[in-house]
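Visitor: Let me begin by handing over the structure; questions about it come next.
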Amino acid sequence: MESFTPPAAGRTSAVENLLPEDLRDLRAALIVAHPGHELRVHGWLEAARPVVYVLTDGSGHSGQSRLDSTSSVLARTRAQPGKLYGRFTDVQVYAAILDKRVDFFVELAEEVAQSLLSDEVHYIVGDAAEGYNPTHDLCRAIIDTAAALVNKRRVNPILNYKFPVVDAGNSIAGEDAGEIHLQLGDASIARKLDAARSYKELRNDINGLISEMGVASFEVEELRPVGTAPSVEWKVEEPPFYERYGEKQVAEGHYDRVIRYREHLLPIGEALADYVQKS
């Protein structure tokens, strides 16, 4: 992996001052399931300039990678791609889930933990588990597992935050203890909107979100603290959205099998938690 250069000490611009004082000048990592998720925390991305891990290339069933568009976003925000950067296709990850290849995800979590240690990362920001997409939810499980492994191997604990990927509200309502709300200024919002509208693979989704929620949905970014133990069960409705959507995708011939929460994801979550206990 290329060396990661943390933000320079003593920065005073409006962008850097977006961060809470206790997070400034700390090494950060962004860990997401798909290219494009970084747009949800674009203001934070500008301020923290993290090393960025992306599990998949975002190709879905189309086979068209979104990674180049994310690379452009990172270049403009001076964030840096990590060693794990779009290595897998969505089809490969779905196959690993359906085949219950728990070792695949355990080894991935271990690799992420080792990278976080070698880069001396102080805090992580990553996808929340929302029951929308199984790779999103497993990304969160991998993050929590990697964080737990890091905390067993060094004195200074790594902080762990999640952000909503598909919950378009990004509302301050319902604030949790320790939750961080980043209120973007006009210039930051303009850059975020420009980055989103320039992301060609997601342009229709972005325009739809703006039409439905307005620009206000881009103004606040939430970083929600995560506990220190990896979660075995995700607090999602059953059946989660991805099961219902998966049934539709199978019916249309895009995939052969449906990913199920209890049949496929829970065994992986249990294996990850067990690995942490035994490490």
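Coordinate-derived values only; no laboratory data. Everything numeric here is computed off the predicted structure, so don't read it as measured data. We place every Cβ from the backbone using ideal geometry, glycine too, and count neighbours over all the protein chains shown.
Visitor: Please report, largest first and rounded to whole Å, the three semi-axes of the ellipsoid equivalent to segment 25-278, where each semi-axis is the square root of five times an eigenvalue of the C-alpha gyration tensor.
Guide: After diagonalising the Cα gyration tensor, the semi-axes are 26, 23, 17 Å.
Visitor: Using a Gaussian network model of the chain with C-alpha springs under 10 Å, which one of LEU23, LEU193, LEU159 is most mobile by mean-square fluctuation?
Guide: Per the Cα network of the chain with a 10 Å cutoff, LEU23 tops the list.
Visitor: In terms of modelled amide H atoms, which long-range or inter-chain residues lie less than 5 Å from the amide H of GLY82?
Guide: VAL52, TYR53, VAL54
Visitor: Follow-up question, since we're still on this one. Ignoring everything except DSSP H segments at least 4 long, calculate the 222 nm mean residue ellipticity for the chain; use -39,500 (n - 2.57) per segment, divide by total residues, nearest 500.
Guide: On the way: 9 runs with 112 residues, N = 279.
When only DSSP H runs of four or more count, the value is -12500 deg cm²/dmol.
Visitor: Something else now. For GLU243, what is the net charge nearby, where nearby means another residue's Cβ is under 11 Å from its Cβ and Lys, Arg count +1, Asp, Glu -1?
Guide: Cβ neighbours under 11 Å give a net charge of 0.
Visitor: Arrange the following residues from fewest to most other Cβ atoms within 10 Å of their Cβ: ARG40, ARG66, ARG197.
Guide: The most exposed by this proxy come first: ARG197, ARG66, ARG40.
Visitor: If you don't mind, there's one more thing I want to ask. Can you list the lysines whose alpha carbon sits under 29 Å from that of LYS152, skipping same-chain ones fewer than 8 residues off?
Guide: Candidates past the 8-residue exclusion: LYS83, LYS100, LYS162, LYS235, LYS278.
Visitor: Among the aspartates and glutamates, which have Cα under 15 Å from the Cα of LYS248 when same-chain residues fewer than 8 positions away are ignored?
Guide: ASP256
Visitor: I've got another one for you. Please compute the length gained on full extension between LYS248 and SER198, using 0.36 nm multiplied by the number of residues separating them and subtracting their Cα-Cα distance.
Guide: Once the chain is fully extended between LYS248 and SER198, it gains 15.0 nm.
Visitor: Can I ask one more? Quick one: if the Förster radius is 25 Å, what FRET efficiency do LYS152 and LEU266 give, using the C-beta to C-beta distance and rounding to 0.05?
Guide: 0.60
Visitor: Once phi is turned into θ = phi - 60°, what whole-Hz ³J(HN,Hα) does the Karplus curve with 6.51, -1.76 and 1.60 give for every residue of segment 121-137, x standing for Gly and Pro?
Guide: Rounded to whole hertz, the list is 6, 8, 8, 10, 10, x, 4, 8, 8, 10, x, 8, 9, x, 5, 4, 5.
Visitor: When THR77, THR89 are ordered from fewest to most other Cβ atoms inside 10 Å of their Cβ, what list results?
Guide: Going from sparsest to densest Cβ surroundings: THR89, THR77.
Visitor: While we're looking at this one, here's another question. Give me HIS34, HIS42, HIS264, HIS181 sorted ascending by neighbouring Cβ count inside 10 Å, so fewest comes first.
Guide: With the sparsest Cβ surroundings first, the list reads HIS181, HIS264, HIS42, HIS34.
Visitor: Which of the peptides 213-220, 78-85 is most tightly packed, and how do the rest follow, going by the mean number of other Cβ atoms within 10 Å of each residue?
Guide: 78-85, 213-220
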